[in-house]
Amino acid sequence: MKLWGGRFTKPTNELVDEYTASIYFDKKLAKYDIQGSLAHVEMLKVCEVIAAEDADQIAEGLKKVAAKIESGEAELSAENEDIHMNIEKLLIEEIGSVGGRLHTGRSRNDQVALDMRLYLREALVDLTELLVKVQQSLLNQAKANLDTVMPGYTHLQRAQPVLFGHHMMAYVFMFQRDVERLRDSWKRVNKSPLGAGALAGTTFAIDRQFAAEQLGLDGICENSLDAVSDRDFVVEFLSNASMISTHLSRLCEEMVQWSSAEFNFVELDDAFSTGSSMMPQKKNPDVAELVRGKTGRVYGHLMGMLTTLKGLPLAYNKDMQEDKEGMFDTVETLRGALALFAPMVETMEVKKENMYHAVRDDFSNATDLADYLVGKGMPFRESHAVVGQTVLHCINQDKYLLDMTLEELQSFSDVIEEDIYTALTPETVVNARNVAGGTAKNRVEDQIKKAMYFLKESEEWIGEKAELIGV
């Protein structure tokens, strides 16, 4: 007979047991379930809801159960449905019927909501730390490439030259927004639903705030109905994870392009590439491609969770059992991608000369010719037309702007002088963008300084939260 089976006259069908059991995946919550139970039983003891002797016995029993689960000695079964019932059954086997007092004043509804929050806050610290390592690897590439000029693109067409360091810093700031989103979500994750019971609270004189403090939580969920039915924190995490995946995927796409023979801007380290079983010459950017591919998987979990929740009345419904697998998989998917990403970026070889030649042999300095003419007093719209005609002439003559003679250039505008050849070099073009956030070398150095500051701040946050939760 199940622990909840008092009002039933027959056991559940075996197929029902198999279909409704969540132990196959929620066993990941064992550590957090026991953490929550230890805080709960301590609270029951302090509030004198159960005898101190019983509470101490239960606490010791829970620690023994935890050790058995960790060692693999404990048997978790689908017959006991979920991790909560499995642990309670193991506890009763360990210390006898006194173990049944553990569930006083709580329900599996507030219990599972707590477990998920404890799991997710630990994941937030872990993923933030991994994100910071990715940022650091990008920062290192930026520092090493403060003089590396590459084509900048719009519409995947060459637009204006930029420093490769500037390009790397774009992703540093992109991932910084992700870090900030994860950190901000902590305050909504780190709340305690424990004591909300099944939906309406409990008749026992418990102290919810005390239990929350035992777990390092920042307070309680204020409404018992909301406490057990809220999965906003899961949706928020999945949304944040989707944004992180988007940013990873965008950089992966560029790495795949850059490492192709057509671009030949970078070479990925052998340790982060694979070969072909048929074509011996191949070196494939499989890691980058797979990270890009797994982005759809993360998006799917977000849409799945939103769809599950959209029609649910208050409070708890069995549908909400579907809240865990997507969350677990998203954490593991992101953890794997981020762990690989930092060393893949760090070891990437940047082919500086190839990037420079690409900039030299294009028309990405055309805007600077237009700006040059404006500086000589010509209205921009007129200069735009003049440069367009100049570029067309170059295309017809199979040459670039810097290949033209002064006489050719002056045939389009007599205000052009010898200094045009300096004005149109890639280095001059890049360093002319000397505005805050621009691609000039000194402005990229400013960005690096700012990034070093907020990376340090993130590392301090990680250390503080890791100490709080004991990881």
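Before moving on, here are some points about what is shown:
- Measuring nothing but how far apart in sequence close Cα pairs (under 8 Å, 6+ apart) lie, relative to its length, region 5-104 scores a relative contact order of 36 percent.
- Exposure proxy ranking for F341, F233, F363, based on other Cβ atoms within 10 angstrom of each Cβ and starting from the fewest, stands as F363, F233, F341.
- Taking other Cβ atoms within 10 Å as a rough exposure proxy, V125, V415, V471, V234 sort from fewest to most as V471, V415, V125, V234.
- Local charge for S37 was computed over the other residues whose Cβ lies under 10 Å away, with Lys and Arg +1 and Asp and Glu -1, and equals -3.
- Dividing the mean sequence gap of close Cα pairs (under 8 Å, 6+ apart) by how many residues the chain holds gives a relative contact order of 17 percent.
- Helices in the chain, meaning DSSP H runs of at least 4 residues, each add -39500 (n - 2.57). Divided by all residues, the mean residue ellipticity at 222 nm is -20500 deg cm²/dmol.
- Coupling constants for region 438-452 follow from the phi torsions by the Karplus curve (6.51 cos²θ - 1.76 cosθ + 1.60, θ = phi - 60°), and in residue order they are x, 9, 4, 3, 5, 6, 5, 4, 4, 4, 4, 4, 4, 5, 4 Hz; glycine and proline get x.
- The gain in end-to-end length when the K27 to K456 segment is fully stretched comes to 150.9 nm, 0.36 nm per residue minus the alpha carbon separation.
- The chain - Debye-derived log10 I(q)/I(0), Cα point model, q = 0.09, 0.12 Å⁻¹: -0.74, -1.04
- A simple count of charges around F363, restricted to other residues whose Cβ falls under 12 Å of its Cβ and scoring Lys, Arg +1 and Asp, Glu -1, yields -1.
- The aspartates and glutamates whose alpha-carbon is closer than 12 Å to the alpha-carbon of K31, local same-chain residues fewer than 8 away aside, are E70, D115, E122.
- Per-residue Cβ neighbour counts within 10 Å put K191, K31, K449 in the sequence K449, K31, K191, beginning with the fewest.
- Relative contact order of region 316-441, pairs being alpha-carbon contacts under 8 Å that are 6 or more residues apart, as %: 21 percent
- Kirkwood-Stokes translational diffusion coefficient of region 48-119, alpha-carbon pairs, 10 °C, 1.306 mPa s, µm²/s: 123 µm²/s
- Cross-link pairs K10/K64; K28/K89; K294/K456 - those with Cα-Cα distance over 21 Å: K10/K64; K294/K456
- Straight-line cross-link partners of K187 among the lysines, defined as a Cα under 17 Å from its Cα and at least 8 positions apart when in the same chain: K465.
Only the coordinates and a few stated rules stand behind these numbers; no lab work does. Keep in mind that this is a model prediction, so the values were computed, not measured. Positions of Cβ are backbone-derived with ideal geometry, glycine not excepted, and every protein chain shown enters the neighbour counts.
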